[in-house]
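Peer 1: Here it is, the structure, as structure tokens.
Every number here is computed from the coordinates shown, using simple stated rules; none is lab data. Only a predicted model underlies this, so the values are computations on that prediction, with no experimental measurement involved. Cβ atoms come from the backbone with ideal geometry, glycine included; neighbour counts cover every protein chain shown.
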Amino acid sequence: MELNEKTFEQIHAYLRGEGTEEERMEFEQRIIQDPQLAEEVTAQQRIKSGLKANKHKQRFAEIHAQLESEGALPTWEVVASPTEVPEVPVKPLSQPRPLWRYWAAAASVIIVAGVGWYIYTLQDTTPHLASHPDTTAPSDTTTIPRANQETPEPASPKPSSTPATPKTITPDYKALFAQNFSRTPSIGSPFSTEKLGVNPTMVARWQADTAALHEGIRLLDAGRGRSALVEFQKVEKSRFEELRQHGEWYVALALLWQSEYGQTRERLRTISTSEQHFYQTKAKNLLAKIDKK
Amino acid sequence: MPLPNSNQHNYPNEAQFYEDLQAERPEAFNHLYLQTYQKCLPFALSKGSSQDEAKDLLQECLAIFVEKIRNGTYAFRADTKITTYFYSIYINQWKKAFEHKTKRAEVRLQTQYESPQDDAEETFKESISSTPFRVTLQDEDGHQEDISLPDMIDLADYDDSERSWIFRKLQRAMKLLSEDCQEVLTWFYIEDWSLKNIAQALNITEESATVKRFRCAKYLKEKFRLA
């Protein structure tokens, strides 16, 4: 069997559970008769599950960091070394506090957790910046994305995988983008004014949304507008008004970066007509400049 | 026996917990992590693993586990607690990782560990040779939980080399690809985007997206040799 686009699509349609019973049985017959096809189906399933598992691992690492910053994870005194087998189980140094008590006891702890998370997500950008020695830390909050500083060049032994004619932002729009793009938006915790009884689920949602916002900013900073857009679109659907506003603004910026000027205008118009929108003035100014062009 | 003080989100029943895990709800993931962390970490630490090793192993086993929930390979059974099922996987994986290290002479296998009196070792032997097997886990309050696994659990699904392939080799191969290909394959394999969506995102035709997706998938397989 020679693997081609058609067979590849058939394999994935099968793995997605698509097709009528007859079609699926027919494909299963082919798998039985063709060991190479069977091998490829297994390989594709393995890759798909493996990549998803990597994503899940990343998510659990984030959960760990989040719970750790909230003081919700217990710590243990290690009483064993690799050369010793203990007779007594390890004892906890600290026990996790019951979370209902944790949340109810002190709103201030939540503020700290929120700030901790915020700092954590900000710190997360460090390795990213550090991995690009040509990038210096921004002295100003409206700095031009790194990928914007020079013409992107294809990665070295790059296979013939260059996308077909992606739009590129023109220099004058690039300047506008740079003036408006901030890596460090100001995000206040919606829980800081609460006194008691903050719902942990809501905190988790807020954290997930802020993480998406920072991820989007990192992607946009790296010049990956399409992927950034996906993250910002999640944020603009947030349950939290402030985050929604950030999401809307960054969606407009990502569209600008993608040279989708019509959609950028439309987005900016919506923001500029929204009273009390955090980015109302900025949107008005940017829209006026784009309209002049 | 559930831990008395570890629930961030209390689930009225296991079926609801399973449903939320399937839907990948953040509170379900948090709950799963907290519950399993409190049981699994003391176990691995007491056997000499470092904090990082124990934590990495936990996160990798959890990642594979939730993927199995997502793709339907793990089927919920009302008579087996989800976390109980998971502990067995973790312990089994810890043992495999330990054996792997031992083979590579990174640690010495201790006489005491090899002793037939060692409960954990006995458990491990059983976990491989027969089902159901039993293991006793102890939490920080000294409460013990006996775990007995039903016959249906296929521990062979979780072999150490597969875990290594997923989190080392596959990950490295992916990183060797161009950014475009990484993006396309992320959309396709992880986010389950349709060809139409990929084509729109790349601003190309569906035909071109078909070719690009296929080529990138091919490159990924080729990179396994280098990863």
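Peer 1: Alpha carbons only, please: Rg and Dmax for the stretch A:213-277, in angstrom.
Peer 2: Final numbers for Rg and Dmax: 11.1, 32 Å.
Peer 1: Residue by residue, what Karplus-based ³J(HN,Hα) values in Hz, rounded to whole numbers, does the stretch B:24-33 have, using 6.51, -1.76 and 1.60 with θ = phi - 60° and x for Gly and Pro?
Peer 2: 6, 6, x, 5, 5, 5, 4, 4, 4, 5
Peer 1: If R0 is 41 Å, what FRET efficiency do you get for residue A:45 and residue A:285 from their C-beta distance, rounded to 0.05?
Peer 2: 0.20
Peer 1: Set the Förster distance to 30 Å, then compute FRET efficiency between residue B:52 and residue B:191 from the Cβ-Cβ distance, nearest 0.05.
Peer 2: Rounded to the nearest 0.05, the efficiency is 0.50.
Peer 1: Here is the link list: A:57/A:234; B:95/B:175; B:101/B:221; B:175/B:212; B:47/B:81; B:68/B:101. Which ones come out longer than 22 Å on Cα distance?
Peer 2: B:95/B:175; B:101/B:221; B:47/B:81; B:68/B:101
Peer 1: Per-residue HN-Hα couplings for the stretch B:80-86, Karplus 6.51 cos²θ - 1.76 cosθ + 1.60 at θ = phi - 60°, whole Hz, x for Gly and Pro?
Peer 2: 10, 5, 4, 5, 4, 4, 5
Peer 1: When the Karplus curve 6.51 cos²θ - 1.76 cosθ + 1.60 is applied with θ = phi - 60°, which whole-Hz ³J(HN,Hα) does each residue of the stretch A:245-259 get, with x for Gly and Pro?
Peer 2: In residue order, the calculated couplings are 5, 4, x, 4, 5, 6, 4, 4, 5, 5, 5, 4, 4, 7, 6 Hz.
Peer 1: Scan around residue A:76 for amide H atoms under 5 Å from its own, H built in the peptide plane at 1.01 Å from N, and keep only partners 5 or more places away or cross-chain.
Peer 2: Sorted by chain and number, the residues that satisfy this are A:93.
Peer 1: Sorted from fewest to most neighbouring beta carbons within 10 Å, what does the list A:215, A:39 look like?
Peer 2: A:39, A:215
Peer 1: Ranked by Cβ crowding within 10 angstrom, fewest neighbours first, how are A:206, A:76 ordered?
Peer 2: So the ranking, lowest neighbour count to highest, is A:76, A:206.
Peer 1: Taking 0.36 nm per residue of sequence separation and subtracting the Cα-Cα distance, how much length would be gained by fully extending the chain between residue A:5 and residue A:266, in nm to one decimal?
Peer 2: 90.2 nm
Peer 1: Could you list A:235, A:230 so that the one with the fewest beta carbons within 10 Å of its beta carbon is first and the one with the most is last?
Peer 2: Placing the least packed residue first, the sequence is A:230, A:235.
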